[in-house]
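Notes to accompany the following structure.
The values are calculated or read from the model by the stated rules, or taken from the named source; none is laboratory data. These figures come from a predicted structure and were not determined experimentally. Using ideal geometry, Cβ is built from the backbone for each residue, glycine included, and neighbour counts are taken over all protein chains shown.
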Amino acid sequence: MNKFLVIGNPIDHSLSPKLHNYWFKKYKLTNFIYEKKKITERDIKYIINEIKKGSLSGLNVTVPFKKSVIPFCDKLDKTAEDLQSVNTISKKEGKVIGWNTDSLGFQECLGHFRKDNKGKSVFVLGAGGVTASILDALWGYNPKKVYISNRTKKKAEDLKNQFKEKFQKLELLDWGDKPPGKCDIVVNTTSIGLRSGEKINLDFSDYKSFGDKILFIDLIYNHKTNFLKDAEKRGNSILDGKTMFLGQAKYSFNIWTNILPTIDEDTIKLISND
Ligand code: ATR
């Protein structure tokens with residue numbers, strides 16, 4: 001049996017088991033199974049050891065462990081190394097390898113919305129484990145300017161330092177500051193909204209006049225967050241995290257099975273029913 005897990009905290013909301021088990025079935029990988037597990041920091045060592053022993057075949061890693069799994073990996077792929085963020089773990093030739101498929105997933109997400117995302121101004125909320133992947137994906141579209149705002153400013157500063165070569169394009173804002181004049185894309189990478197009832201308290205009323213030209217993206221995918229509901233009310237375009245979720249999952253699946261699954265209507269329907 002090839003057993004896979006998604007680890008995180010919280011984890012109840014995760015649709016990864018549903019999606020990967022669907023693909024295992026679709027591609028006739030009958031002895032493959034995928035489950036979710038809520039863990040604490042202390043469990044990481046034990047779980048990675050299960051990969052080493054072969055009782056687990058692979059992992060997805062989600063909030064808040066994308067950084068903390070790194071010291072337990074024998075090797076990282078280039079993107080994971082550059083971004084210091086791991087969302088996928090596999091074993092190859094006895095070595096535990098940490099991968100990052102979030103960046104590719106987000107690129108797919110933007111590409112899905114419109115073909116030309118080049119030269120845009122972007123406002124990124126948050127500076128957590130996944131945010132570096134979002135910035136990495138954004139560089140592929142050569143943005144005009146990227147604003148970052150995070151509650152803990154030090155983390156936003158660290159992120160800026162991580163992308164030194166893009167220094168001129170990055171500007172940090174204080175958490176709670178009025179949103180920048182006009183951005184074409186606003187991305188929520190924080191976990192605010194993961195639990196229903198939570199809300200980002202920023203005044204985007206000026207964005208009303210820009211209508212559907214502005215795209216609001218929330219990486220949260222299990223429900224429509226207040227952040228997206230408000231954007232929709234203002235007439236802005238919205239995209240929830242499902243497209244990115246499917247994108248990153250597709251490349252994780254490929255790492256484990258060598259199969260690049262197709263994302264068709266049925267796949268989208270599968271994860272939209274929740
Ligand atoms: P991970 O690194 O795995 O993404 P994380 O570090 O907990 O997990 O990241 C969560 C993000 O949501 C961070 O940007 C966090 O802000 P801080 O860096 O200040 O912790 C943000 N976040 C979570 N809850 C928040 C809240 N109530 N208010 C503001 N930001 C919040």
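Tabulated results
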| item | result |
| --- | --- |
| Identity of the residue in segment 52-70, more than 15 Å from the ligand (Cβ to nearest atom) and surrounded by fewer than 22 Cβ atoms within 10 Å (Cβ to Cβ), that ends up nearest to Phe245 (Cα to Cα) | Ser57 |
| Residue list for segment 230-249, restricted to those being touching a residue at least 24 places away in the same chain (Cβ under 8 Å) and part of a helix (DSSP H, G or I) | Asp230, Ala231, Arg234, Lys242, Thr243, Met244, Phe245, Leu246, Gly247, Gln248, Ala249 |
| Residue tally, condition closer than 22 Å to Lys18 by Cβ and either among the small types (Gly, Ala, Ser) or more than 16 Å from the ligand (Cβ to nearest atom) (or both), over segment 203-227 | 2 |
| Filtered residues of segment 244-260 (kept if surrounded by fewer than 21 Cβ atoms within 10 Å (Cβ to Cβ) and out of contact with any Ser or Thr (no Cβ under 6 Å at 6 or more places or on another chain)) | Asn254, Thr257, Asn258, Ile259, Leu260 |
| Test: residue in segment 90-98 that is crowded, with 24+ Cβ neighbours inside 10 Å, at positive phi and among the small types (Gly, Ala, Ser) | no |
| Selection within segment 127-155 - within 8 Å of the ligand (Cβ to nearest atom) and either crowded, with 16+ Cβ neighbours inside 10 Å or charged (D, E, K, R) (or both) | Ala127, Gly128, Gly129, Val130, Thr131, Asn150, Arg151, Lys155 |
| Positions within segment 203-229 being of a type outside the set (Phe, Trp, Tyr), crowded, with 18+ Cβ neighbours inside 10 Å and in a loop (DSSP other than H, G, I, E, B), in sequence order | Ile214, Leu219, Ile220, Asn222, Thr225 |
| Filter pass, Glu35 being surrounded by fewer than 21 Cβ atoms within 10 Å (Cβ to Cβ) and under 29 Å from Phe163 (Cα atoms) | no |
| Residue in segment 148-192 that is modelled with the highest pLDDT, counting only those that are assigned to a helix (DSSP H, G or I) and of a type in the set (Asp, Glu) | Glu157 |
| Subset of segment 25-40 (residues that are free of Cβ contacts under 8 Å to residues at least 40 places away in the same chain and in a helix (DSSP H, G or I)) | Lys25 |
| Scope segment 41-89; condition polar (S, T, N, Q) and either outside any loop (DSSP other than H, G, I, E, B) or under 20 Å from Lys3 (Cβ atoms) (or both); matching residues | Asn49, Ser55, Ser57, Asn60, Thr62, Thr79, Asn87, Thr88 |
| Count - residues of segment 111-126 that are more than 8 Å from the ligand (Cβ to nearest atom) and in a loop (DSSP other than H, G, I, E, B) | 7 |
| Pair list, Cβ < 7 Å and 6+ apart or interchain, from segment 183-202 residues that are within 12 Å of the ligand (Cβ to nearest atom) to residues that are of a type in the set (Asp, Glu) | Asn188/Asp218; Ile192/Glu198; Gly193/Asp218 |
| Qualifying residue in segment 255-271 (condition: touching a strand residue (DSSP E or B) at 6+ places or on another chain (Cβ under 7 Å), part of a helix (DSSP H, G or I) and not charged (D, E, K, R)) | yes |
| Subset of segment 102-124 (residues that are surrounded by fewer than 24 Cβ atoms within 10 Å (Cβ to Cβ), touching a residue at least 60 places away in the same chain (Cβ under 8 Å) and not basic (Lys, Arg)) | Leu104, Gln107, Glu108, His112, Phe113, Asn117, Ser121 |
| Lone qualifier among Phe163, Phe167 - being exposed (fewer than 13 other Cβ atoms within 10 Å of the Cβ) and under 26 Å from Val86 (Cβ atoms) | Phe167 |
